[in-house]
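Bear in mind that the values in this text are calculations on the coordinates, not laboratory data. All values reported here derive from a predicted model rather than from experimental measurement. Cβ atoms come from the backbone with ideal geometry, glycine included; neighbour counts cover every protein chain shown.
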Amino acid sequence: MRRSRRAAVRPGRRPASTPASAPRPRSRRRLVAVVGVLVLALAGLTGLAAPAPAAPAPAAPAQAAGPLTAEFSSSGSGSSWTGKFVVRNNSAAAVDGWSLEFDLPDGVTVSGHTHGTATVSGSHVTVAPAHYNSRVPANGSTEPYSYTFQASGPLAEPSGCLVNGDKCDGTPAVPPEAPTGVAVADTTARTVSLKWTAAAKGDFPVASYEVLRGDTVVAASATTEATVRELEPATRYEFAVRAKDTRGNTGEPSAPVAATTVDPATDPEPPTAPRNLRAGDVTSSTVELSWDAATDNQRVAAYDVYRGQTLADTVPADARTSTLTGLSPATEYRFTVKARDAADNASPASDTLTVTTDEAVGDGGHAEVGYFVQWGIYGRQYFVRNLDTSGAAAKLDVINYAFGNIHPTDLTCLNGVTKGTSPDPQDPNQGDGAGDAEADYGRAFSAAQSVDGVADDGWGKLRGNFNQLKKLKAKHPHLKIVISPGGWTYSKYFSDAAKTDASRKKFVKSCIDMYLKGDLPEYNGAGGKGVAAGIFDGIDLDWEWPGSPDGHPGNHWSPEDKANNTALIAEFREQLDALGGDHKLLTAFTPADPKKVEAGWDLPEIAKDMDIFNVQGYDFHGAGSDNSWEPDRTGHQGNLYVDEQTPYENDFSVDGAVQH
């Protein structure tokens, strides 16, 4: 990767989850955020709405046992003994990966774990396999390399044993008991609210409850109360409640309870408007609202919170506060609140409150962005730790981890391989199938190379740069880390991945599964489902260059790239927003050359979905490190403004690129 200067520009953003028919809140245009982003490895800093209608949902049978069981045995006597769990595969197909958990007997402590990595929390032990016994052959077992521990205390068999979440003895799970004390808490013309006493668990903890009308699930809740919505006024209903455990097993339903919705004819008078609508905490994706109570001739039953003309939340009458989530950064929203009585009469709207969400990153309209290249840990000996010791991490807002490749045939995000690029920069297949899982999450860094001074566990599922980035974020909570698919050598298949709606959905999902959800391919004992979750905060698209033949030799490109790039960015935005939680960043490396901008970037449209444009601010002239597009011309490599003495017409500059 060449030393770079990239100007980070914040575009206007499309508000999240705004229906096409609703007026869009006005988004605030951001100015140039920072000029002079450096490649870090080279320079050191660069309510519960009930479904209606719902599908019938008869009580699910107890979870069937999986193919694995685990058998405990012990040796020794007295207060010092050895325990062992043999994992057995009772199926005709090999099983890749297992996890074991159990609870120690009272007074017992464990140490000396072999053939597995154990995590002990109080008396609860969770075991991950070693890389050599993770695969259990068909009709085989982990012997002779079964997980073993040394115990101190009274010899007794551990309890609560689970293998891959199923009971170790292979018997079906016992579901939760039926909830008791189900009662009607409130009724309105359109809703019935229920409450009940928590159900007793079976083999697994109770995770949620389902409200049934007959055999149909009409509401669900993680607590011991729920509201059934979209009912008919002045109508009698019967409901029952059943519990569901963490494995999806449902218990028997409770005794039914009857409720009749309110007849609107009994109360034609609406409540007064709520007063003093105000904002509390505001973040880049959330706004906390509160207001003073409305009054009614009988009673206020609920408050409806509107974002523009769209109903955004409904809260009970005694709440008078709401936190709206899934909002877009740096975007102006207008909120109102209406009170509603039991007869479903709505009040006039409160006064409108206008709130602008915070920037996603940075402060004062700009962000400091730097690139960390994965291969810097080799010859340059520049580690993630250096970002901390140099002071770079404290100054940066975003680190772009460069680069991720695209699978040449599957057209998905690629990882799990360690394969170098070919040495010829003119080779059209230079980057095909290349990657560095060893640097990403396979290499075990020493204590001297680690952010926190603690060496990587050589058998751990997460090692390498990714584990160090996780530690860096823990030390600098303000930091955002994004993955950068593409780059000069890895952009060959972007055009293919973006070509159709189906290919875009597949590509985007693969990238989000791999980097945002953290499902890393197995590599030398590292990787696995969810092991990298929480490291990456978004995606930085580094397509060089859509709609242009001026990329790496062999790059695929098409005149349709511009429209497909716009659709690809929109797909990334949609799937990132669907993750929920904190706002996920979507950024892109964009060209300085106006011709390339026109060929591949519909700026007004993609600005609705982007958080930051990292504008190219380098390689304006010169041969470059891996291509020779200007062998006979010299000039400024990364100038901020056009040199008044330049001999070239329409010469490049950072200012010119941003202004364009």
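Suppose a student asked you for the relative contact order of segment 316-456, using Cα pairs under 8 Å spaced at least 6 residues apart; what percent would you report?
Details: 171 pairs, mean separation 21.8, N = 141.
Value for segment 316-456: 15 percent.
Show me, for segment 411-419, the HN-Hα J-couplings you get by feeding each phi into the Karplus relation (A = 6.51, B = -1.76, C = 1.60, θ = phi - 60°), rounded to Hz, glycine and proline as x.
6, 10, 4, 10, 7, x, 10, 10, 9
Where a ≥ b ≥ c are the square roots of the eigenvalues of the C-alpha gyration tensor, would you call segment 154-309 rounded, which needs a/c under 1.5, or, failing that, prolate if a/b is larger than b/c, or oblate?
Details: a/c = 3.31, a/b = 1.71, b/c = 1.94.
Oblate, since a/c reaches 1.5 and b/c is not below a/b.
Hey, what number do you get for the chain at 222 nm if only DSSP H runs of n ≥ 4 count, each worth -39500 (n - 2.57), divided across all residues, to the nearest 500? Write down the numbers at each step before the final one.
On the way: 10 runs with 76 residues, N = 660.
So the helix-based figure for the chain works out to -3000 deg cm²/dmol.
Distance between the C-alpha centers of segment 515-560 and segment 283-349? Whole Å please.
If we compute the Cα centre of each part, the gap is 40 Å.
According to a simple spin-label model (label point 7 Å from Cα along Cα-to-Cβ), what is the distance in nm between residue 448 and residue 648?
Taking the simple label geometry, residue 648 and residue 448 are separated by 4.4 nm.
Do any of 167/471; 506/562; 471/492 go past 29 Å between their Cα atoms, and which?
167/471; 471/492
Give the relative contact order (percent, whole number) for segment 247-345; include only Cα pairs under 8 Å separated by 6+ residues.
Values: 171 pairs, mean separation 32.3, N = 99.
Result for segment 247-345 is 33 percent.
Taking H placed 1.01 Å from N in the peptide plane, check which residues at least 5 places from residue 590 or on another chain put their amide H under 5 Å from its amide H.
Excluding prolines and chain starts, which carry no amide H, the hits are 614, 615, 616.
Of 480/608; 338/480; 395/509, which ones are farther than 26 Å apart at the Cα?
Details: 480/608 21 Å; 338/480 38 Å; 395/509 32 Å.
Correct reply: 338/480; 395/509.
Lys/Arg Cβ at +1, Asp/Glu Cβ at -1, dipole of the chain taken about the Cα centre: which of 209, 384, 650 is farthest positive-ward?
Of the options given, the answer is 384.
Non-local amide H neighbours of residue 585 (under 5 Å, H modeled in plane, Pro and chain starts lacking H): which ones?
Hits under the 5 Å cutoff: 538, 539.
Quick one: order 562, 595 by neighbouring beta-carbon count within 10 Å, fewest to most.
Working: 562 20, 595 13.
Result, fewest neighbours first: 595, 562.
May I ask you to list the chymotrypsin sites (Phe, Trp or Tyr not before Pro) in segment 313-394 that are in a DSSP loop and have at most 15 other Cβ atoms within 10 Å of their Cβ?
For chymotrypsin sites (Phe, Trp or Tyr not before Pro) across segment 313-394 that sit outside H, G, I, E and B with at most 15 neighbouring Cβ atoms in 10 Å, the list reads 378.
With θ taken as phi - 60° and the coefficients 6.51, -1.76 and 1.60, list the Karplus ³J(HN,Hα) couplings across segment 322-329 in order, rounded to whole Hz; mark glycine and proline as x.
8, 10, 8, 10, x, 7, 8, x
Tell me, what is the percent relative contact order of segment 68-167, built from C-alpha pairs under 8 Å that lie six or more residues apart? Kindly include the intermediate steps, with their values, before the conclusion.
On the way: 236 pairs, mean separation 41.1, N = 100.
Over segment 68-167, the number comes to 41 percent.
Quick check on segment 115-187: take the gyration tensor over C-alpha atoms, sort the square-rooted eigenvalues as a ≥ b ≥ c, and tell me if it's rounded (a/c under 1.5), prolate or oblate.
Details: a/c = 2.77, a/b = 1.98, b/c = 1.40.
It is prolate, given that a/c is not under 1.5 and a/b is the larger ratio.
Tell me whether segment 205-280 comes out rounded, prolate or oblate; compute the Cα gyration tensor, take square roots of the eigenvalues as a ≥ b ≥ c, and use a/c under 1.5 as the rounded threshold. All intermediate terms of the calculation are to be shown ahead of the outcome.
On the way: a/c = 4.00, a/b = 1.47, b/c = 2.72.
Since a/c reaches 1.5 but b/c is at least a/b, the shape of segment 205-280 is classed as oblate.
What ³J(HN,Hα) values, in whole Hz, does the Karplus curve 6.51 cos²θ - 1.76 cosθ + 1.60 give for segment 276-289 when θ = phi - 60°, with x put for Gly and Pro?
With coefficients 6.51, -1.76 and 1.60, one gets 6, 5, 8, 9, x, 5, 10, 10, 6, 9, 9, 9, 9, 10 Hz.
If R0 is 35 Å, what FRET efficiency do you get for residue 86 and residue 509 from their C-beta distance, rounded to 0.05?
After rounding, the FRET efficiency stands at 0.40.
Would you mind checking which residues have amide H under 5 Å from residue 263's amide H? H placed 1.01 Å from N; only 5 or more apart, or other chain.
234
Kirkwood Rh, Cα Rg: Rg to Rh for segment 364-617? Don't skip to the answer; put the middle values down first.
Values: Rg = 17.5 Å, Rh = 18.4 Å.
Value, to two decimals: 0.95.
Select one label from (i) 141, 72, 64; (ii) 86, 78, 42; (iii) 64, 61, 52: the one whose number is Cα extents along the principal axes in Å as derived from the coordinates shown.
(ii)
Quick one: putting +1 on the C-beta of Lys and Arg, -1 on the C-beta of Asp and Glu, what dipole do you get for the chain around its Cα centre, in Debye to the nearest 20? Mind dumping the intermediate values first?
Working: 60 positive and 81 negative charges, 89 e Å.
Dipole of the chain, to the nearest 20 debye: 420 debye.
Pairs 473/499; 244/529; 244/475; 419/461: which exceed 27 Å Cα-Cα?
Values: 473/499 35 Å; 244/529 24 Å; 244/475 39 Å; 419/461 20 Å.
Exceeds cut-off: 473/499; 244/475.
Would you list which aspartates and glutamates come within 12 Å of residue 84, measuring only between C-alpha atoms, while excluding same-chain residues fewer than 8 positions from it?
71, 143, 157
Which loop trypsin sites (Lys or Arg not before Pro) in segment 361-460, with loop taken from DSSP, have no more than 12 other Cβ atoms within 10 angstrom of their Cβ? Show your work: numbers first, answer last.
Details: sites: 380, 385, 395, 419, 443; in loops: 380, 443.
Sparse-neighbourhood loop trypsin sites (Lys or Arg not before Pro): 380.
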